[in-house]
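Below is one structure, written out as structure tokens, with a few remarks after it.
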Amino acid sequence: MSASAKIRVGLNGYGVIGKRVAAAVTRQDDMSLVGASEVVTDWRARMIIRNGFRLFGATSEAASAMRDAGLSVTGTLDDLLEQVDVIVDCTPKRIAAKNVELYRRRQLKFILQGGEKHATTGHSFVAESNYASALGRDATRVVSCNTTSVVRTLTALKRAGLLRRARGTLLRRATDPWESHESGIMNTLVPEPEIPSHQGPDAQTVDPDLDVVTMAVKVPETVAHLHYWSVQMTRKAGKDEVLDAFRRSSRIAPIRISDGLVALNSVKELMADRGRPHDNLYEVALWADMLRVQDDELFYAYMVDNQAIVIPETIDAIRALTGIVQDANESIAKTNASLCLEATLI
Ligand SMILES: NC(=O)c1ccc[n+]([C@@H]2O[C@H](COP(=O)([O-])OP(=O)(O)OC[C@H]3O[C@@H](n4cnc5c(N)ncnc54)[C@H](O)[C@@H]3O)[C@@H](O)[C@H]2O)c1
């Protein structure tokens, strides 16, 4: 692909992640969204058209049902795949894995999301860690929201030579807000049945050198995830040195309790006030004033907006697979500028 041509991106599954990816693609000067494929015929499909995108039915039956519902349908997923350089599959867990054969048969580059297993693509992606190893590949998997945050933060410590081992407890949101009428928990906390929880091993699919163990519990709220970490450093370090290490990542944003950012909802409100689409917090929001260092031990907590954190990663993954930008930092800077990420949130 020539450096001047725009990457033609197709989207399969316009849900929580898919609609945010679509909106982010339209903000890039080196890519365009050819269309979005769906199975639903209700308001969600209508929003694809209303947002200016071409609608495709994931199957001929879905396309017919959309037409019957009065929607303007351009074609089927097959038609969409003929017109794209990369397909980003944001269908629900385990459905995307079934599409892999279709994409491979067409020799199409494709990106899956964190609900799928590492083996489905053989490569798992977090831009700041392993952009280079995705260059020119046929496929990658953007890891889950929690795993993305783990790799971002531990990569920052590793790059500063501070990371020996990390142990984290993850408080996971119960469900996504728009699905709250269907599932979720109330008045209880539900521990994940196994230690380690899957996020630690998942982070090692991106960087096998990470010594990381995670434990997780589902909590009765829908705003975001909250992580607590205890890190054994390679040596004694001061708080400022640790904060500098985190600041060197453009996708970790220090926040402060003293600014009134005292909870998940206050950070989300700040994103709304900043005019971010969908109130997206793309960064790991890490409490700088709460962070503590005790000799060679480090303790900190941060917030992960599960609906938003993987969006910049997906944009970078598109550039990496197509090779249109060879340098990780260049792609990350382009993506950050387009989505208005800044060094500080307030
Ligand atoms: N929701 C999150 O917080 C989150 C965070 C990070 C990663 N992920 C991962 O992203 C992926 C998508 O999750 P989501 O939360 O956006 O799901 P979602 O259910 O919100 O959206 C999926 C969309 O795909 C559509 N769909 C279903 N079957 C389809 C098919 N066969 N063909 C085309 N479209 C189909 C659905 O109608 C829906 O609109 C999953 O792998 C998930 O694990 C989700």
Can you find a residue that is within 14 Å of the ligand (Cβ to nearest atom), polar (S, T, N, Q) and touching a residue at least 60 places away in the same chain (Cβ under 8 Å) anywhere in the range 54-67? no
Those residues that are more than 11 Å from the ligand (Cβ to nearest atom), outside any helix (DSSP H, G or I), of a type in the set (A, V, I, L, M) and closer than 20 Å to E82 by Cα, I need them from the range 1-49; list them, please. M1, A5, I7, V9, M31, L33, V34
Quick one: is Y282 away from the ligand (no atom under 16 Å from the Cβ), at pLDDT 95 or above and crowded, with 20+ Cβ neighbours inside 10 Å? no
Quickly run through the range 307-327 and pick out the residues that are of a type in the set (A, V, I, L, M, F, W, C) and either closer than 18 Å to T147 by Cβ or within 15 Å of the ligand (Cβ to nearest atom) (or both). A308, I309, V310, I311, I315, A317, A320
Residue under question is R94, and the condition is that it be away from the ligand (no atom under 12 Å from the Cβ) and over 16 Å from R8 (Cβ atoms); does it hold? no
Which members of the range 222-233 meet the condition of being surrounded by fewer than 19 Cβ atoms within 10 Å (Cβ to Cβ) and either more than 19 Å from the chain's Cα centre (by Cα) or without any contact (Cβ under 8 Å) to a residue 12 or more places away in the chain (or both)? Y228, S230, Q232
Among (1) closer than 30 Å to D207 by Cβ; (2) buried (at least 20 other Cβ atoms within 10 Å of the Cβ), there is one condition S37 misses while meeting the rest; what is its number? (1)
Tally up the residues in the range 175-200 that are assigned to a helix (DSSP H, G or I), out of contact with any helix residue (DSSP H, G or I) (no Cβ under 7 Å at 6 or more places or on another chain) and crowded, with 16+ Cβ neighbours inside 10 Å, please. 1
Of the residues R54, R50, only one is over 24 Å from R106 (Cα atoms) and at pLDDT 95 or above; which? R50
Considering only residues of the range 254-306 that are hydroxyl-bearing (S, T, Y) and touching a strand residue (DSSP E or B) at 6+ places or on another chain (Cβ under 7 Å), which is nearest to V150 (Cα to Cα)? Y302
Surrounded by fewer than 23 Cβ atoms within 10 Å (Cβ to Cβ) and without any contact (Cβ under 8 Å) to a residue 60 or more places away in the chain: is that true of L135 in this structure? no
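The values are calculated or read from the model by the stated rules, or taken from the named source; none is laboratory data. Being a predicted model, the structure only gives us computed values, none of them experimental. Neighbour counts are summed over all protein chains in view; Cβ atoms, including those assigned to glycine, are modelled from backbone coordinates with ideal geometry.
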